[in-house]
Amino acid sequence: MFNLVIFGAPGSGKGTQSENLIQNYGLYHISTGDVLRDHIKRGTELGKIADAFISDGKLIPDDLMINILADVLDKNADATRNGVIFDGFPRTIEQAKALKTMLAERGTQVNAVIGLEVAEEELIDRLIKRGKDSGRSDDNLETIKKRLDVYHNQTSPLRDFYIAEGLYEAIHGSGTVEGIFADIRTAIDARR
Ligand code: AMP
């Protein structure tokens with residue numbers, strides 16, 4: 001079993017590189033953003049709560065988000081047997097601690113954290129381009145700026161958290177998708 005966290009700011013390429021990881025490593029992909037957007041689409045109670053936070057560029061509260069993730073893990077216990085790509089989770093130190101506990105309770109752990117590092121101007125550029133056809137309520141300049149602030153204040157401290165755990169692999173996240181993925185492979189294969 002090999003669990004990895006794909007980590008980085010909005011627009012750093014987590015979703016794109018997750019696609020490559022799924023194909024190459026046969027891991028189960030959990031994107032918490034996709035899970036929430038699915039609830040919004042289906043009009044569930046959770047979807048209504050999530051919609052307000054997402055459209056405003058804010059994080060869903062930790063206790064709620066942690067319960068959602070535990071639920072996804074429990075409902076997909078079979079599919080996650082080979083390991084999981086955590087995409088968009090954790091986003092706070094509290095979530096990272098909860099993930100550690102959750103995985104320990106299931107007899108496993110995070111094996112690597114792939115940190116996609118991309119300059120701020122490039123992130124904004126990419127997100128604005130994505131917004132032209134993503135249909136996402138949060139891919140507009142005002143919300144993009146809020147999301148980047150949230151990233152700097154609440155999420156980026158996780159970098160040091162995972163460096164201290166000996167799990168962080170810094171990946172230069174500009175360049176071609178293939179070139180970046182080659183670096184990701186090298187980092188992962190050294191830990192498998
Ligand atoms: P993403 O698709 O990962 O960019 O996530 C889109 C939005 O969903 C974020 O801006 C948050 O509002 C919400 N979200 C996704 N994952 C989390 C999480 N782990 N904790 C809190 N909010 C989240």
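Of all residues in the stretch 58-74, those that are more than 21 Å from residue 137 (Cα to Cα) have Cβ atoms under 8 Å from Cβ atoms of residues that are at pLDDT below 95, 6 or more apart or on another chain, in 73/106.
Within the stretch 21-48, the set of residues being under 15 Å from residue 138 (Cα atoms) and hydrophobic (A, V, I, L, M, F, W, C) comprises 36, 40.
Residues of the stretch 68-87 include at least one that is in a helix (DSSP H, G or I), within 9 Å of the ligand (Cβ to nearest atom) and more than 18 Å from residue 148 (Cα to Cα).
What about residue 96, is it within 21 Å of residue 167 (Cα to Cα) and either of a type in the set (A, V, I, L, M) or assigned to a helix (DSSP H, G or I) (or both)? Full working, then the answer.
On the way: within 21 Å of residue 167 (Cα to Cα): yes; either of a type in the set (A, V, I, L, M) or assigned to a helix (DSSP H, G or I) (or both): yes.
Here the answer is yes, as residue 96 does meet what is asked.
Suppose the filter is modelled with pLDDT of 95 or more, closer than 29 Å to residue 186 by Cα and loosely packed, with under 13 Cβ neighbours inside 10 Å; does residue 101 pass it? Break it down into steps so the answer makes sense when it comes.
Numbers: modelled with pLDDT of 95 or more: yes; closer than 29 Å to residue 186 by Cα: yes; loosely packed, with under 13 Cβ neighbours inside 10 Å: yes.
Answer is yes for this residue.
Of the residues 133, 183, 125, which single one is at pLDDT below 95 and in a helix (DSSP H, G or I)?
Only one candidate passes the filter, namely 133.
Scanning the stretch 106-116 finds no residues that are surrounded by fewer than 20 Cβ atoms within 10 Å (Cβ to Cβ), modelled with pLDDT of 95 or more and either more than 30 Å from residue 73 (Cα to Cα) or of a type in the set (Asp, Glu) (or both).
Only one entry in 128, 188 is within 17 Å of the chain's Cα centre (by Cα) and β-branched (Val, Ile, Thr), namely 188. Confirm whether residue 81 is surrounded by fewer than 12 Cβ atoms within 10 Å (Cβ to Cβ), under 21 Å from residue 4 (Cβ atoms) and touching a residue at least 12 places away in the same chain (Cβ under 8 Å). So residue 81 passes the test. Checking each residue in the stretch 1-56 for being more than 14 Å from the ligand (Cβ to nearest atom), of a type in the set (A, V, I, L, M, F, W, C) and within 15 Å of the chain's Cα centre (by Cα) picks out 4, 21, 22, 27.
The values are calculated or read from the model by the stated rules, or taken from the named source; none is laboratory data. All figures in this text were calculated on a predicted structure; none of them were measured in a lab. Note: ideal-geometry Cβ built from the backbone for every residue, glycine included; neighbour counts use all protein chains shown.
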